[in-house]
Structure formats: C-alpha cells, structure tokens
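Enquirer: Please read through the structure below; I'll follow up with questions.
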Amino acid sequence: MNRRDCIASVVLTCAAWASHAQATPAGGPSILVVGDSISAEYGLARGTGWVTLLEKQLAADKVPARVVNASVSGDTTSGGRSRLPALLKSHQPTHVILELGANDALRGLALKNTEDNLAWMTEQAQKAGAKVTLVGMQVPPNYGARYGEQFAGVFPAVARKYGTALVPFLLKGVADDPDPTRWFQADRIHPSVQAQPRLLANVWPVLKPQLK
C-alpha cells in the first residue's frame, strides 16, 4: 500500500468511527456491565449472550442506550473492585450492572469480603453518578442450606443499604428448572445459548424502569 492509499484508509476509518459515534444519540443512557463468565459469553458464540440480547432489546424498545460489556470470565468481586475505578473513568456510565459473586462462592471466599466488595463497588458507582443494578446469584444445594441462604442474602442486603435495583436471581427459570440440564453447557455450570433469553427476562424488567 502506497502513502496515498494509507492516508485514504485512515480517513475512511475515522469517518466510520464518526458515523458510529453519531449513531448513538448524545445524552442517552450508557450501561456498563461488570460481570463474570455468565455475562462474558463463556462457551458461547460471540454475540449470543444475554448482554448482546439486552442491546437488541434496547433497540427494539427504541431506547437510545450504549452498552459496554466489561465482563471477564473467572472474575470475582475482588477482581471487579480492582477494575471498576478505571471503567467508571473511561466509560462514564449512567447505569452499572454488577453481576459478580458466583466465583467467590466457588472458591470458598469469605462472604464478608464478597459483601464488602459489592458494597464498595456500588458506592463508587453511585458516587460517579450511575444508577446501580445488583444481580443476585445462588449456589447449588450441595453447598449446604445455611451457606446457601447466607450467600443469597448478600445481594439484597447490599441493595437495601444503598437503595439499588436488584435482580433476585439471574438464573431463575434455568438453575431451578425441573430439568436444568437442558439449560446448561456440558460443564453443568455455564448457561447454554438457549438459556440466554431467560437470563435477559430476569434482568430487563428490573433494569427498564431505571432507564426512564
């Protein structure tokens, strides 16, 4: 490629980026999703996870919102806590969805740390001017009834303290289905592509009122 072609390529690239920026109306909601593998499309084809379905739902409802998926497979609340300040500064979201905590339980991390991290992230997001939606999770019965109740109680406790929106259980209708195996990948941990609309159906009714 000669120098003239290089310049032309740069101009066309800049024009494309400008066109994309103009496609998102100024002042519309900016939604930052900070999650783990469930939101990062682990084991799924790109563009088939619930966060992408959320983008399509927003478009269908003519909500001029931008969605930034900052989810990382394997992430814990500690990892989210370390990443959040830079994400808030870079993307300046109006709304933050926190979908973290499952990996804390899988690794046997102290519930107090999970609660403290979720509380800290919620507070920082609110201080940055964002509305927060906490996404609750539950653990399988083999973790024990007492631990399961304590873990599930972390999310509403933080939501009550900070007055945030709460999705009680992201995997409702999936993990508690009479035949849950049909909604999971072969590892029996991560939801399948068929389960993604159900995940969105749990999040959307909670998030939608926050966008008005």
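The values are calculated or read from the model by the stated rules, or taken from the named source; none is laboratory data. Quick caveat, the model's predicted, so the values are computed rather than measured. Here the Cβ positions follow ideal geometry from the backbone for every residue, glycine too, while neighbour counts run over all protein chains shown. With ligands, DNA and RNA removed, areas are computed over all heavy atoms of the protein, side chains included. Shrake-Rupley method; radii C 1.70, N 1.55, O 1.52, S 1.80 Å.
Enquirer: Would you please list the contacts, defined by Cβ atoms under 7 Å and residues six or more apart or on different chains, that run from a residue in the range 158-180 that is under 20 Å from Leu111 (Cα atoms) to a residue that is open to solvent by 70 Å² or more (accessible area, probe 1.4 Å) and part of a loop (DSSP other than H, G, I, E, B)?
Expert: Phe169/Gln138
Enquirer: What's the number of the only condition in (1) open to solvent by 20 Å² or more (accessible area, probe 1.4 Å); (2) within 23 Å of Gly163 (Cα to Cα); (3) touching a residue at least 40 places away in the same chain (Cβ under 8 Å) that Leu44 fails to meet?
Expert: (2)
Enquirer: Moving on to the next point. Of the numbered conditions (1) open to solvent by 20 Å² or more (accessible area, probe 1.4 Å); (2) assigned to a helix (DSSP H, G or I); (3) under 26 Å from Ser192 (Cα atoms), Val51 fails exactly one; give the number of that condition.
Expert: All conditions are met except number (1).
Enquirer: Still on this model: If I filter the range 160-182 for residues that are touching a His at 6+ places or on another chain (Cβ under 8 Å) and either part of a helix (DSSP H, G or I) or modelled with pLDDT of 95 or more (or both), do I get at least one hit?
Expert: no
Enquirer: Inside the range 67-87, can you point out the residues that are in a helix (DSSP H, G or I) and open to solvent by less than 20 Å² (accessible area, probe 1.4 Å)?
Expert: Once the filter is applied, which keeps residues that are in a helix (DSSP H, G or I) and open to solvent by less than 20 Å² (accessible area, probe 1.4 Å), the range 67-87 yields Thr77, Gly79, Gly80, Leu84.
Enquirer: Confirm whether Glu123 is open to solvent by 20 Å² or more (accessible area, probe 1.4 Å), acidic (Asp, Glu), within 14 Å of Ile97 (Cα to Cα) and free of Cβ contacts under 8 Å to residues at least 60 places away in the same chain.
Expert: For Glu123, the condition - open to solvent by 20 Å² or more (accessible area, probe 1.4 Å), acidic (Asp, Glu), within 14 Å of Ile97 (Cα to Cα) and free of Cβ contacts under 8 Å to residues at least 60 places away in the same chain - is met.
Enquirer: Does the range 88-117 hold any residues that are open to solvent by less than 60 Å² (accessible area, probe 1.4 Å), in a helix (DSSP H, G or I) and of a type outside the set (Val, Ile, Thr), and which are they?
Expert: Answer for the range 88-117, where residues must be open to solvent by less than 60 Å² (accessible area, probe 1.4 Å), in a helix (DSSP H, G or I) and of a type outside the set (Val, Ile, Thr): Leu88, His91, Ala102, Asn103, Asp104, Ala105, Leu111, Asn117.
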